[in-house]
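The next block holds one structure in the form of C-alpha cells; read it before the comments.
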Amino acid sequence: MTVDNEATLEIQHLLRDFRPQDGDLLGALHAVQHRYGYIPRIAFRVVARQLRLSEAKVYGAATFYSEFRLTPSPATLVGWCSGPACRLKGSEGVRRMLESRLGITFGENTGDNKLGLHFAQCNGTCEYAPQVWVNGEVVGPLTAASTSDLVQKLKDEA
Amino acid sequence: MARITLNGVGIEAQEGAPLVEVIKKNGVWISNLCYIDGLVPYAGCRSCLVSIEGARGLQLSCTARVSDGMVVDTEAPEVKSARQQVLAIINANHSDRCLTCHRRVKCMPGDICLRDDVVTHRCLTCSKNYRCELQTTNDLLDMGFENVEPWALEPRTYYQTEQPDPDRANPWFEFDPQMCILCTRCVRACDEIRHTTAITLANKGYTSRIAFGAGGPIHESNCDFCGACIDVCPTATLMEKPNKWIARTEDWTSTTCNSCSVGCTISIGTRAGRGVIVKPDLVNPVSADQICVRGRFHYEAVPDKKRLQRHLVRRGPPGSAQLPAHWGELVEYVAGRIKDVVAAHAAGAVGVLGSPFNTNEENYLAQKLARDVIGTPHVDFSQAAPNRAAMKAVEAAFGTEALPADMLRLGTSDIVIVIADDLESSHNVAALRAKDAIVGNPAAPRHGTLLLVSPLWGEMADFAEPYGGTWLQPRPGAEAALVDALAQRAAGGQAALPPVAEGDLPRALEILGEAKDPGRRVSIIYAPNPGDAQAAGNGARAAANLSIALRGDSAGESLIVLPTEANVYGARDMGVDPELGPGRTPLAEPGMSFDQMIDAAASGALKALIVVGDNPLMFAPGSARVRDALASLDLLVVIDSLLSATAQAAHVVLADVPSYGKTGTYTNGERRIDRLHAAVAALGDARPALLALTDLANAIGGADTWSYAHPDAVTDEIAASVPGYERFGAGFGAWGKARAAVTPSRFERQPVSAASAAPAAGELLLTTGRTLYTSLEGAAIHAPDADKLHREEFVELHPADAAAMRIADEDEVMLVSAHGELTLRCKISGRVQEGVAFVPVYYDGGAVNRLLAADGAPAGVRLNVAEPA
Ligand code: SF4
Ligand code: SF4
Ligand code: SF4
Ligand code: SF4
Ligand code: FES
Ligand code: FES
C-alpha cells in the first residue's frame, strides 16, 4: 500500500465527498480535471481508492472520454478529426504529418507544453474535411503539405 | 438435458449452456477468439459464427444458449466463409503476413520470401509461432489454402497505425501491443477470474488499446504477475519473458508447485530436459486453471549454473574448501563416519532433519534411515516448531489434526474468515478462492462476506469493507486473543474485545452471528506465522475455538490451517517429528526436537547431523546459535540441490535435483495428496535424494537391504504402511481429488494465553512473514535477484515512525535486537502499523532470523540510521 504525499492528499481532499457509487467516477474525474486542467497520473490511484475501483478501471474510463486530458493543457491544442468524412478525404495523411512534425501522438504535448495533439470527434463541419481544430478554430480542408505548413506556422508562433 | 444436432450428429447438452462450450466439449473445433469458458461472452470478435436452424442469419455461438431440438452447423460453406471474412478483418489489423501464405510450411527464417519483402512481420519470426491460437485459427479456417487475403485490394490498418512500444521492463512478462487483436480476454481474465483488474481497454474506437494500471509499464500497475492474462491471450501480445523464444516444448509434465501449501498443480513444458515454461494444470481442483507468480516463474528462479552439479566434501579444518568427490566414495565415507559416531557414542549422537519442501517419499525414507537404520529417534525439521504447536492445538480441539475441511468449498462460501498475516502473499491461490466467494464473476456472481483478522495490510483487506465485511487489524501477536474473544462472544459469552487499529468490531460480531446459521457455508482459514511457535499454537487454539463456537459439530468441515511451506503435513504424516512415527503414531520414546538437537550439538551431545533438504541457517529463528551449533558437529551431511548456507557449512554435500526433477507426493494444506513427476533432467552428477538415502542406508547397513528401484516403490510402501495413505499408492488415478479421510471426534474449547509483551520504549516490534515474490531457491543461495522485482528487500516502516526517527524512504538503516544486527534499506509503507517493523522472512536468505530469539517471537528492535560511508 503506497503512502500518501502532499499531492495525493490534496487530490484526496478534493474528492472527499465522492462515494463509491458508479455514477461518481466521471464526476470525480471532472473534479480533478477542473482543479488541475488535466488529470495527473497520480490521481488515478487516488480516485480508484476513493471509489473502490481499480486504477485500470479509472484509467480506462478517463481515456474513453475525449474530454479528459492526461497531460497539462498546452498553449495551443490541435484537435485532429477522426470522423468518417475527414477519413475518406485523407485525414490519415494529415495525422501522420502532425505526428511526425510534432514528434508526439494523441494526448501528448511537446516537451515545452506549447503544442498538444488531441484525438477529436466529428463536429459536423464536414464541408471543410479533412480538418483540424486549432484551439477550437476549424482549419481545413488540409493536405499533407498544407498541414506541414500549418505546423511550421504554429511552431513559429508558439 | 437438451438434445441438439451438431453437424448432423445428435448430442446431449445442458439446456441453457453456452453453445460454443458445448461445441468445443464435443470435439468440434470452432474459432472463438474472444471467448473465455465460464465467463459472460464479450461477443467482440465474431469469429464464432454458426448457423442455427430457424434463426435469422448466422448466430454467435458464444452468446447462443443451448435449447432442446436446436440444429447447429459449424461447417456449412456459408458459415465457414463468414468466419473467414471475420478473420480476414482481424488479420488486417495484425502484424503477421504469412498467416495466409501457402508457402509457410516451407519458409524458414532468413529465407527470402517470394511474396513479401517485409520479412519480419510474420509468424515464422514470431515468438508464438506453432503455439498460437490466432495462427491455429487461421490454419483451421483454411485462410491460406483458400487465399483469403483482405489486403489484396485495400490497405491494411495494421500498417497504417502507429504501434505502441512493447513493455519489457519487468522480469516476467513481455507485452507487445502491436500483436494485439483487442479481444479483451486479458482484461476479463484479470478482472473476472483474478479479481485484480490491472488491465483495461483504454481509449476508444480507432485508438483502442490494452493498458495496465494508469497506462504505464506493467510493474507500476497492481498486476501481481499471476499470468492468467498470458494464458488466455490468443496472440503473442502477452507472453512469458523467460524462455520466450525457445518455449516450443518437447514434453509437458504434470507436477506440483513447491512454494506454498495450496499445492497448485502445474504443468512444466520442457525442451532438452530443461524447464522452459509453466502452465496451470487442472489436476488440483482448487487451483484448477490458476496459479501465482511463484508457481509460474520460480522454476527458473535460479540459473542452472547455480545449481549443485557435483558432490562436495571438506576433509580439512573448518573453513577449508569443499572439493568435488565421487558419489560412491562419499557414500562410503559418510557411512563410515556415522558408524564411527554410533560406535564411539551412541546412535542417539546422530540426528536427521527432513524438510517440508521434500516429497513424502524423501521424508519417509529420511525418518526410516534415522529410526530403522541408524537407530536414532532424533528426527525433525527446522521450521517444525510453529507447525507442531498449531497441530497440537488442532488435535486437542478435535481429536485429530487432519480435519475434513476442503478448500474446494472456499470459493462458494457465504462467509469467509481469514486469520493470516497477508494471505494474498503467503497463499495466493487460497486468497483467490476467498475472493471468488466474495465477488464471483458476472456470469456467476457471489456475495460472500469477509471477516479478515490481519495485523498487516494485504490485498485481501480491500475485499472486506466494500463488500460488507470488515478487516480487523490487531497488534502483531494479539491476533489469537482477538479471535478468542470473538469466539467467546459468538458462543454467547461477554469477553471484552481487545482494541484494533482498524476495523468495525460490531460488524464483525454481526458476521459471526450470521456464520452460526447452519444454512450458511462458512470457511475459516488460519495461516500461522512461519516462525513464531507460541503465536501459532495460540492462533490455532483461537481459530479452533472460533470454528467450534460458530459451527459446533461441523467445525472440522470449516477450519483450514494452512502452513507456510508446501509439505508440512506430509512431513508430519511421514513421521518427521521427534514424537510421531509414520502415520503420526505417538512414539513411546520421543527423540529431540530441532531446537533440542541444536542445543545438544552446541553442548557436544549430538555429533552428527544428516540434513535432507532442510536449510536451518535460513529457516530457524536465532541463526547465530544455529550456526555455532552446526560448526561444532563432527559430521554435517547435507543433501540439497543448492549450495545453501547450511550446505556451505557441511562436511559432505550430496547434490540433489530440484523439486521439478522429483517424482513423489506432497500433502497440501488441506491434506490433499498432490503428485509430483520429474519434469527436468538432473544436472551434472546430481542425483535425487531418494537415491542418496537408499545408498546411505545400505552402506550403513541396517537389518534390511533397501531396494527402491523407482520413487514409486517408496510411494507404494507408504500406501502399504502409513495409516491414512492407504489409497495413495503410485498407481492411484485421481491424484488431485484424493484426500486422507478423517473424522473429528471431539470439539473442545481451549484457553488462549495472553499476547507477548510490547517492545521497550524507543523500540519497534519486529515482525516477519512470507511475501509474494521472493523465491525460495533464490533466497537459499542469497541470490541478488531472489526477488526479481526488488520490492521485498526492505524493512517496512510506518510513516509516523519514519517521521519520528527522521528516516526517509530508501534510507539505509541498521536494525539491532538483543540477538543480532541487520542492515538494509527501509520502505515507508502503509502496510504496517505504527510501532511495527516488517522484514520479509526470505529476505537475503532468512537474514531476519538473526534478529529473533529461538522461539521466533516478534522482537524489540532499535533502528540506527546507517552512517553514510
Ligand atoms: S501472434 Fe500468432 S498469428 Fe500473430 S504472428 Fe505470432 S504466431 Fe503468427
Ligand atoms: S498477471 Fe494476473 S494480475 Fe497481472 S494483469 Fe495478468 S491477470 Fe492481471
Ligand atoms: S493482449 Fe492478448 S488477450 Fe489482451 S486483448 Fe490483446 S490479444 Fe486479446
Ligand atoms: S498459490 Fe502456492 S502452490 Fe499455488 S502457485 Fe502460488 S505458491 Fe504455488
Ligand atoms: S468527419 Fe471530420 S468534421 Fe465531420
Ligand atoms: S467468441 Fe463469440 S464473438 Fe468472439
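A short reminder: the numbers here are calculations on the coordinates, not readings from a lab. Predicted model only: the values in this text are computed from it and were never measured. Please note: Cβ atoms are built from the backbone with ideal geometry, for glycine as well, and neighbour counts cover all protein chains shown.
Of the GluC sites (Glu not before Pro) found in the stretch B:293-351, not one falls in a DSSP loop while having at most 16 other beta-carbon atoms within 10 Å. Between the helical axis of B:384-398 and the longest alpha-carbon principal axis of chain B there is an angle of about 80 degrees.
Taking Cα centre as origin and charging only the Cβ of basic (Lys, Arg, +1) and acidic (Asp, Glu, -1) residues, the dipole magnitude of the stretch B:33-102 rounds to 260 debye. Each Cα pair under 8 Å and six or more residues apart adds its separation to the average, and for chain B the resulting relative contact order is 12 percent.
Our coupling estimate for the stretch B:663-672, obtained by passing each phi through the Karplus curve with A = 6.51, B = -1.76, C = 1.60 and θ = phi - 60°, is 10, x, 9, 10, 10, 7, x, 10, 6, 8 Hz, Gly and Pro reported as x.
Estimated from helices alone, the mean residue ellipticity of the protein assembly as shown at 222 nm is -8000 deg cm²/dmol (sum of -39500 (n - 2.57) over DSSP H runs with n ≥ 4, per residue). On a 0 to 90 degree scale, rounded to 10, what angle separates helix B:711-721 from the longest Cα axis of chain B? Computed tilt is about 60 degrees. Here the simple spin-label model places points 7 Å from the Cα toward Cβ, and for B:ASN698 and B:ILE246 these points are separated by 3.5 nm.
Based on C-alpha pairs under 8 angstrom that are at least 6 apart in sequence, the stretch A:7-158 has a relative contact order of 21 percent. Just for the stretch A:76-157, what percent of DSSP beta bridges are antiparallel, to the closest 5? Antiparallel: roughly 55 percent of the beta bridges in the stretch A:76-157. For A:LYS153, the lysines whose Cα falls under 19 Å of its own Cα, not counting residues fewer than eight places away in the same chain, are A:LYS114.
Expressed as a fraction of 2.2 N^0.38 Å, the C-alpha radius of gyration for the protein assembly as shown is 1.02. Loop-located GluC sites (Glu not before Pro) in the stretch A:1-73 (DSSP state not H, G, I, E or B) with no more than 16 neighbouring Cβ atoms inside 10 Å: A:GLU67. Note on the stretch B:283-389: dipole from Cβ charges, positive end direction compared against B:PRO285, B:SER355, B:LEU330; the farthest Cα belongs to B:LEU330.
Hey, how many Å between the Cα centroid of the stretch B:203-220 and the Cα centroid of the stretch A:30-90? Their Cα centres are 12 Å away from one another. All Cα-Cα separations within the stretch A:76-157 were binned at 5 Å from zero, giving a P(r) of 3, 17, 31, 28, 15, 5, 1, each value a whole percent of the pairs.
How about B:LYS339: which aspartates and glutamates have a C-alpha closer than 19 Å to its C-alpha, ignoring those fewer than 8 places off in the same chain? Leaving aside aspartates and glutamates fewer than 8 places away in the same chain, those within reach of B:LYS339 are B:GLU329, B:ASP372, B:ASP634, B:ASP695, B:ASP704.
Dipole magnitude for chain B: about 900 debye, using +1 per Lys or Arg Cβ and -1 per Asp or Glu Cβ, origin at the Cα centre. Taking Cα centre as origin and charging only the Cβ of basic (Lys, Arg, +1) and acidic (Asp, Glu, -1) residues, the dipole magnitude of the stretch B:392-450 rounds to 200 debye. Since only A:ILE11, A:ALA61, A:ALA28 are under comparison, the one whose Cα sits farthest along the positive direction of the charge dipole of the stretch A:3-64, derived from C-beta charges on Lys, Arg, Asp and Glu, is A:ALA61.
With q set to 0.08 Å⁻¹, the log10 of I(q)/I(0) for chain B, from the Debye formula over equal scatterers at the Cα positions, is -0.77.
What lysines does B:LYS241 reach when the alpha-carbon gap must be under 26 Å and sequence neighbours fewer than 8 apart in one chain are set aside? Leaving aside lysines fewer than 8 places away in the same chain, those within reach of B:LYS241 are A:LYS57, B:LYS128, B:LYS279, B:LYS305, B:LYS306, B:LYS662, B:LYS788. Only loop residues by DSSP count here, and only those with at most 15 other Cβ atoms within 10 Å; note down the GluC sites (Glu not before Pro) in the stretch B:754-818 that meet that. Listed in order of number, the matching sites are B:GLU810. Residues whose amide H comes within less than 5 Å of that of B:CYS45, counting only those at least five positions distant or on another chain, are B:CYS34 (H built at 1.01 Å from N in the peptide plane).
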